[in-house]
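Notes follow the structure.
Just so you know, all these numbers are worked out from the coordinates, no wet-lab data involved. Quick caveat: nothing in here was measured; it's all calculated off a predicted structure. When we count neighbours, we look across all protein chains shown, and the Cβ atoms used for this are built from the backbone with ideal geometry, even at glycine.
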Amino acid sequence: MGIGVIGCGNMGSMLAKAFSQTVEKQVWVYNRTPAKAVELSRQYPHITAELDLSNWIQNCEVVLLCVGKKDLPHLLAQVAPMLQEHQLLGTTCTAFSLAELGKHCKATPFLCVPSLTQHVNKGSILLSVPPSHTSSVTQLQTLFAAIAKPIFIQESQIRIFSDLTSCGPAFFAEILLTWSKAAANTRRITENEAREALLATVEGTLELLHSGMTMEEIQSSITVPGGVTSRGLDVLHEPLLQVFRRLHEATQAYAKQNNKPYQNCGCEPPDDPQLACQKVWPHAKI
């Protein structure tokens with residue numbers, strides 16, 4: 001069976017490309033604007049673009065809804081009746097709960113939080129399944145391990161884990177950019193020189209970690225009591241702790257305020273999928 005990706009924005013396109021290059025399965029894509037899906041199918045031979053959902057959705061092991069919270073209720077109303085118990089239905093929209101996802105279809109629901117690092121088949125991808133459907137973990141583990149390191153989490157852990165994995169690359173980039181600017185402000189090196197040095201150091205540090213060293217061992221191997229590294233760590237410790245506490249508080253507050261599903265065109269998914277709103281996905285044929 002294949003993999004279906006509905007929604008060819010940044011996340012959907014990234015996942016479709018990653019699966020097509022690593023998994024020996026057919027990948028079907030569907031998008032509100034057909035041209036995006038067609039272009040993906042032209043670039044990648046294992047991707048097929050379809051306008052009619054009913055032509056392929058029942059042939060999918062996994063169906064991923066990669067759309068925003070405004071689009072998801074109506075799309076779910078169209079897709080859910082086509083799915084069977086043996087299939088898996090996931091969404092990258094974490095404003096939608098597992099309970100809300102599961103009550104509309106027979107398929108096993110799951111939440112999926114990708115990361116930009118899946119462009120290079122690296123990093124982590126977050127997955128959450130209902131406690132009553134743990135049998136699907138092995139199936140999801142096998143599928144997603146081809147493009148990332150799957151991390152299975154509880155639904156209540158999504159926000160904090162997303163900061164570390166999905167938002168993480170942007171946060172790491174900001175740290176390196178800011179450090180480069182601070183080094184350049186000493187007027188002894190340029191910002192580009194600082195960036196090159198930092199990137200090489202990060203690459204080397206990751207290799208040390210991959211070789212089996214822990215982060216604590218790396219610190220202790222470099223630090224001499226009372227030495228320059230020790231002084232630097234003293235400066236970093238408490239301020240960094242406060243910065244990251246504030247970061248998590250800010251992202252948590254934003255998510256709490258904005259993760260309100262069904263705030264769309266005013267209609268919830270109807271019991272009859274034939275009555276689903278066509279404002280959002282007018283090309284869907286059910």
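Observations
- Here the peptides 190-197, 252-259, 225-232, 54-61 are ranked by packing, the mean other Cβ count within 10 Å, and the order with the highest first is 54-61, 190-197, 252-259, 225-232.
- The protection proxy used here, the mean number of other Cβ atoms lying within 10 Å of each residue, ranks peptides 237-243, 72-78 as follows, highest first: 72-78, 237-243.
- Calculated Rg and Dmax of segment 168-258 using C-alpha coordinates, Å: 15.8, 47
- Pairwise label distance in nanometres, residue 216 with residue 191, each label 7 Å out on the Cα-Cβ vector: 3.8 nm
- Pairs over the 20 Å Cα-Cα cut-off, from the set 17/122; 17/149; 70/103; 69/256; 17/69: 17/69.
- Coarse-grained scattering of the chain at q = 0.07, 0.08, 0.09 Å⁻¹, given as base-10 log I(q)/I(0) from a Debye sum over alpha-carbon atoms: -0.33, -0.43, -0.53
- Angle between the chain longest axis and helix 10-22 axis [Cα atoms, degrees, rounded to 10]: 90 degrees
- Highest mean packing first, where packing is the average number of other Cβ atoms within 10 Å per residue, the peptides 107-113, 137-143 line up as 107-113, 137-143.
- Angstrom value of the Kirkwood radius, inverse mean 1/r, which spans all Cα pairs in segment 32-122: 14.2 Å
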